[in-house]
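Colleague: Below: one structure in structure tokens.
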Amino acid sequence: MQEKLKQLTLGLADVIFGKEQQIKLALCAMLSRGHLLLEDLPGMGKTTLSHGLAQTLGMSYQRIQFTSDLLPADILGASIFNTKEQKFTFHKGPIFSQMVLADEINRAGPKTQSALLEAMEEGCVSIDSERYTLPSPFFVIATQNPQHQSGTFPLPESQLDRFFMRISLGFPPADAEKLLIKGLGPQRHKPIKPIITCDELQSMQNQVDNVSIANTVVDYILALVTLTRHDRDITHPLSPRASIALAQGAKAWAFLEGRDYVMPEDVQAVFASICEHRVNPHDNYSQASVCDDILRRVKVPL
Amino acid sequence: MSNFASSALSFIYIGILMLLATELPTMLLSLLLLLCLWNLLLANKGLTRPALLATNILAAALLAVLFITVDLKQSVLLFVTMLLQASILKLLQASSAKQQQTVIVLTFFSISTVFLYQQSLYSTLLVGLFFIALTIALASLNGLPTTRLAIRKSIYSLSIAVPLAALMLVFVPKMPAFWQLPGANSAKTGLNERIDPFDIASLAKSDELVFRAEFNDTLASPPYYWRAMLHTEFDGRAWIKAKIPAQARTNIDWPAYSGSAQIYLEKSANPWLYTLGDGVSRASDVRNLSDGLLQRKDPSASSFKYPLSYRPQLPEALSRYEYQYYTQLPQQGNPLTRNLARRLGTKSNDANAFIAELYDYYRYQGFTYTLTPTPITGSDTLDIFLTQTQRGFCGHYASVSAFMMRSVGIPARVVSGYLGGENVGGSDYLSVYQYDAHAWVEYHDGVRWQRFDATAVVAPGRLNGSLSQVEQLRQEFRANLELGLLQLSSFKSLNWLRIQLEKIDYTWTKWVLGFDQQKQNNLLKGLLGSQFAQYSMALVVIAIALTLFIVLMLSSRQRKVQLTFSAKQLSRLFDAAEASALLSPEQLTPVAQLDYLATHTPQLKAHMERISRLYVQTTYEQQPLTKKQRLELKKLVNKSIKIIG
Amino acid sequence: MVALLHKICAPLHHRLQDWLLRDKHKTATLTLGHSTVYVLPSKLGFGFLLVAGLNFILAANYQNNLVQLSSYLMLVLVLMSLIQSYANIRGLQLQFKEVPSGYANQGRTYRLSVTNQQRNSYAVQFQWRGNTTLVEKVDSTSQDVYINGDKQPRGCYQVPRLKIFSTYPFGLAKVWSYLEANADYYVYPAPQPHNHALNKQALSETPQQSSGALSQSGNDEFDGLKEHKQLADYRRISWKHFAKREQLLVKEFITEADSAYVVDFGQLPGDIENRLSLMAYSIEQAQIQHIPIAVRLPGLTLPSDSSDEHYLKALRTLALYKNRGAIHE
């Protein structure tokens, strides 16, 4: 299984250059059955990454471009009257696939945003008092332009909490970008072969659940979370959902590291991605610096 | 937090007022209580406090009430009341933590004034509670995060401070009074300088303790007639104390006074003291009078203790002047009584025969003893008592008897004091209560002063003990007693409880309240030997310094953390590394820290890697170390510490 | 009288304090221990001792053991407070972080981090420039403490001493210490909003003779008017001005390469402080919009740049310009 994992990472590295850390975090979210929020400027490879993930994991893939006039029905699907059969039939929307890329989610209105987020949370869609279960595994990668760009509806804090992780790709390192410019980068149109199957992914997810976590590490997570609740610089402290996510993320990270036990290092590795978008610091502090600060301040228990 | 302090202070002041309730005028008391309740309301409802002007007007009004209701001569009471008023008004004003702290400090003085009036064990315990509450309030105003911490700190501090303070009380040499302060002269006793029993409808109401007598050798045998005052002049209605004070006694023949006792007086503002028969005292502030009585030189309200030596009254001839003095009566009044006396007088030829006639008269003419006599008003009260009501208590019988004796030329005087005393559970001391107040007659039979007590024939049991122990009067007595433990004495267990409490209170009075300079000297000499007694102060200083040092040491203990074996080893290693400044300044995980050590101190590399492996195995992989591995870890850590050091 | 006394005593007091403290506190990190902590009864504590004394006199005069006991108890309580106050604050670790520079219309904030690895410290107070912040509990996790100071006039200041004190547990004893970090901070002139547009100027050292009255002309490259010299090109003579004033003025054009937006002291109205405030506003705005600017003060020119360091340097220059007490205590 570890072999497959290595192949997977390498395969993805072929798709997107110089972003090993982010690829690992994205895999970590998938192994934890969590959804991913990618926040970056346009053109940084958000779509490439999500596409690559879907392909290598052998999942069905749909991309929804969010615009300000996008309606909930455009995502979920709608019942349309079939004149032949004289009854309504449900036409599934693009959300009914294993991996959904919700591109520029903050360009759509709040109503549409929450339709997607609700589906993410419930794992099913209810239309006309009829429930339609979403496929399994189901994984959403939403991309978001940085908040202050004009014409955006920022996601409210309560909905941000539903994303397991937020990562930003950032600019590629110089030598990677050089290759990209020379056209030696990954070929866009070359089909990517699936490396693992959905079943394998699911068994990996089960293995992650079995990674053991020691009391000291739990104490450490607790200390980190508690600090945000006493800090006057933070208006939104971390919720219990965040602590559970931290533990789960740390397990997945340990699994990716090839271990079956969690170390404090694993918690530190995923802490920023899991917690940055969940805390809400006061004005002059960025979310990133607050999270750094928390890590710096809490002593790792022996 | 400040609400807590304010409410606590309200309750404390309510408590103080209750303790002083008997001293303060009712109107003032209720006004101050209302202010306390108002403050309680303000503190808990968060209402705005009254403006300064309003408080000043209130203060002026209260001061007016104070001057109207409190006798200006009672300077101590005046002072205490003004202090309480000022503190309560300040409390009403105090909104900030700082103001409330000031009130608290002031309150430490207020609660001390309670002790001027109340010193019983129970009031002391109550004041002790106030003390705790005050320290908690102080702590809670001081930015402590939780009230629980404030309570813990207060109780911890006091539990150390109280024994130390007690030590100081015992060992720090006592100071004499700096200057004379006015006494709190409002204490009440059952005795009065004027004996006029006829308009009294009920007696024996108070079960307040008057004094305790501790007999040095053996308990004297009853009856105990505690003499306090002589009433030598009859003004037509009442027997009053001699206007001319008795002479101070000179050259006392001490060995002749065979009996001796120690008297523990409860606080009293009265000058008179108590003696059995003819008494003298060696205490410097007691005046020994020529009539065998004792007086306090400085009657202040505090409790008092004096040694008493006593003996039966000796033969003593009366001068002509004295004979005249002790037989004079008003010219007019009470003709029936005079007639009766003359009639009895004709039957007898000397004083003792007359007395016997008088006893018989009381015995056979249907006189009864009661605590609830029929009040007699108007003139010739003695006649009405003798011929009509014929019911009365000691005062009645003593008044009438002395009058009758004088009217037939027998020198006589009324003595007031206490009769009896309760001997608790076979101990060597007597407790004398206000309800033991008594009056009797002394007549001179030509040789010496003799006692005549009509109560002996009317209610013979009264002579053998305290009023509470006389079976005959028990019912009546109880009916007249205020509700107290004594009233429930028919229940056996309650009676037992009462006796136990009484014993505790006795010990309290004797050892705590009565701990004076002389007792201290004796104790110090007994404990330290007479050469070293003077160094007791040094002893106290050393003891306090030692205790505070221990407190400091105890509070320096580091935070307790439950560490596993491997964590302990690691923390030892890190402590050593930190001492040598080898540790990374950043917060690193334990494993990263070990890595850091390994890279920065190459000779540790192999050790660190192994330690890291073992630590990860036991802590994160949760596979316990084998015995061998534990030993290995310990050795590795020790070796590394050596390298670091 | 009191003021006079204070005047005489204050410097003496300062000197005495300096001598007593020596250099123990001149550090950015400090762990409180017996050599760096001072303990005395607080004001309230002295009041408390006074009441204890009153109780003592009362007790002696009435020979009242209970009042005596309470007076002793109060004395011991003060002693206990001294010990506990010290024990509480011992092991407190202080680390100076910064006093961020800022504008004169904002107060400064002192930032430090505190922790106590050995035990919990309660009710610790930090006093800086007259303001006090209370931290109820300090434990093994380090926490940041902010103490706000009042506004100050522009300039560069050495960070004033921070006083750390606590009256835990009863307010009867006071322990205190100081932290004197060796650091500076700048107070820039308060920015004053205005609508004097920036205009482009040559950055050469040619003396400026006219002020920017033409700044709104709409011609970016048009910079100003110069007195006509013999060699000047006739086509550049401003005939409009000649008609009005009978003076030959030359229209000054500059090339894009050596010109930039200049925040110029000389072109702004008002007294020194006012002008500096206007300049501070311009620099602040330029920083927000990332516009390269040059700054010109009499006798000093900062070349055009748009880096954060540049803006910072510009503001610092303003803070120090003609500021006699540039570095304050």
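Colleague: Would you mind giving the mean number of other chain beta-carbons within 10 Å of the Cβ of each residue in C:50-63, as a whole number?
Modeller: For this peptide, the per-residue mean of nearby foreign Cβ atoms is 6.
Colleague: Sort C:SER307, C:SER42 so the one with the fewest other Cβ atoms within 10 Å of its own Cβ comes first.
Modeller: C:SER307, C:SER42
Colleague: For segment A:210-302, with equal point scatterers placed on the C-alpha atoms only and solvent neglected, what are the log10 I(q)/I(0) values from the Debye formula at q = 0.11, 0.13, 0.18 1/Å, to two decimals?
Modeller: -0.28, -0.39, -0.73
Colleague: Taking θ as phi - 60°, what are the ³J(HN,Hα) couplings along segment C:159-170 by the Karplus curve (6.51, -1.76, 1.60), each to the nearest whole Hz, with x for Gly and Pro?
Modeller: 4, x, 4, 9, 9, 10, 8, 7, 10, 4, x, 10
Colleague: Please list, in order along segment C:95-105, the HN-Hα scalar couplings obtained from phi with the Karplus expression 6.51 cos²θ - 1.76 cosθ + 1.60 (θ = phi - 60°), rounded to whole Hz, x for Gly and Pro.
Modeller: 9, 5, 9, 6, 10, x, 5, x, 7, 5, 8
Colleague: Using the 10 angstrom Cβ neighbour count as an exposure proxy, how do B:ARG227, B:ARG343, C:ARG161, B:ARG406 rank, fewest first?
Modeller: By the 10 Å Cβ count, ascending: B:ARG343, C:ARG161, B:ARG406, B:ARG227.
Colleague: Please compute the average number of Cβ atoms from other chains found within 10 Å of each residue's Cβ in peptide B:610-623.
Modeller: Working: counts 0, 0, 0, 0, 0, 1, 4, 1, 1, 9, 13, 7, 6, 1.
Whole-number average of other-chain Cβ neighbours for B:610-623 is 3.
Colleague: Around A:ALA223, what is the net charge, scoring Lys/Arg as +1 and Asp/Glu as -1 over all other residues with Cβ under 10 Å from its Cβ?
Modeller: Here the charged neighbours net out to +1.
Colleague: If packing is taken as the mean number of other Cβ atoms within 10 Å per residue, what is the order of B:84-94, A:111-121, C:169-179, highest first?
Modeller: By packing density, highest mean first, the sequence is C:169-179, B:84-94, A:111-121.
Colleague: Ok, one more. Using modelled amide H (1.01 Å from N, peptide plane; none on Pro or chain starts), what sits under 5 Å from the amide H of C:LYS97, excluding residues fewer than 5 places away?
Modeller: It is C:ARG111, C:LEU112, C:SER113, by chain and number.
Colleague: A follow-up question, please. Net charge near B:LEU9, counting Lys/Arg +1 and Asp/Glu -1 over other residues with Cβ under 15 Å of its Cβ?
Modeller: Numbers: positive: B:ARG49, B:LYS90, B:LYS98; negative: none.
Local net charge: +3.
Colleague: Using per-residue counts of other Cβ atoms within 10 Å, averaged over each peptide, order A:62-68, A:273-279 from highest down.
Modeller: Ranked from most to least packed, the peptides come out as A:273-279, A:62-68.
Colleague: Report the relative contact order of chain A, percent, no decimals, based on alpha-carbon pairs under 8 angstrom and at least 6 residues apart.
Modeller: That works out to 22 percent.
Colleague: Less than 18 Å apart at the alpha-carbon level, and either on another chain or at least 8 residues along: which lysines does that give for C:LYS97?
Modeller: Once the sequence-local lysines are set aside, what remains near C:LYS97 is C:LYS26, C:LYS163.
Colleague: Which percent of Cα pairs goes in each bin when the distances of the protein assembly as shown are cut into 10 angstrom slices starting at zero?
Modeller: Binned Cα distances yield the sequence 1, 7, 10, 12, 12, 12, 10, 9, 7, 6, 5, 4, 3, 1, 0, 0, 0.
Colleague: Roughly how crowded by other chains is peptide B:121-129, in terms of the mean Cβ count from those chains within 10 Å of each of its Cβ atoms? Walk me through the numbers before you get to the answer.
Modeller: Values: counts 0, 0, 1, 3, 0, 0, 2, 4, 0.
So the per-residue partner count for this stretch is 1.
Colleague: Cα convex hull of segment A:2-208: how many Å³ per residue? Write out the running numbers ahead of the final one.
Modeller: On the way: hull volume 30.1 nm³, N = 207.
Enclosed volume per residue, from the Cα hull, is 145 Å³.
Colleague: Cα-based Rg of chain B per 2.2 N^0.38 Å, rounded to two decimals?
Modeller: Taking N as the residue count of chain B, the ratio is 1.43.
Colleague: Non-local amide H neighbours of C:TYR178 (under 5 Å, H modeled in plane, Pro and chain starts lacking H): which ones?
Modeller: Amide H to amide H, under 5 Å and 5 or more residues apart or across chains, C:TYR178 pairs with C:ILE164.
Colleague: In straight Cα distance, which lysines are under 22 Å from B:LYS525, not counting same-chain residues fewer than 8 positions off?
Modeller: Counting by Cα, and skipping residues close in sequence, B:LYS525 has these lysines nearby: B:LYS174, B:LYS305, B:LYS510.
Colleague: Need one number: % antiparallel among DSSP beta bridges in chain B, to the nearest 5.
Modeller: 95
Colleague: Can you give the Rg to Rh ratio of segment C:8-186, both from alpha-carbon atoms, with Rh computed by the Kirkwood formula?
Modeller: 1.08
Colleague: Below 8 Å between Cα atoms, with a sequence gap of 6+, how large is the relative contact order for chain B in percent?
Modeller: Relative contact order, chain B: 12 percent.
Colleague: Related question: Give the lysines reachable from A:LYS24 as a straight Cα distance under 27 Å; neighbours fewer than 8 places away on the same chain don't count.
Modeller: In chain and number order, the partners are A:LYS4, A:LYS6, A:LYS46, A:LYS178, A:LYS182, A:LYS190, A:LYS193, A:LYS251, A:LYS299.
Each reported figure results from applying straightforward, stated rules to the coordinates on display, with no laboratory input. Worth saying up front: this structure is predicted, and the values here are computed from it rather than measured. Every residue, glycine as well, gets a Cβ built from its backbone with ideal geometry; the counts of neighbours run over all protein chains shown.
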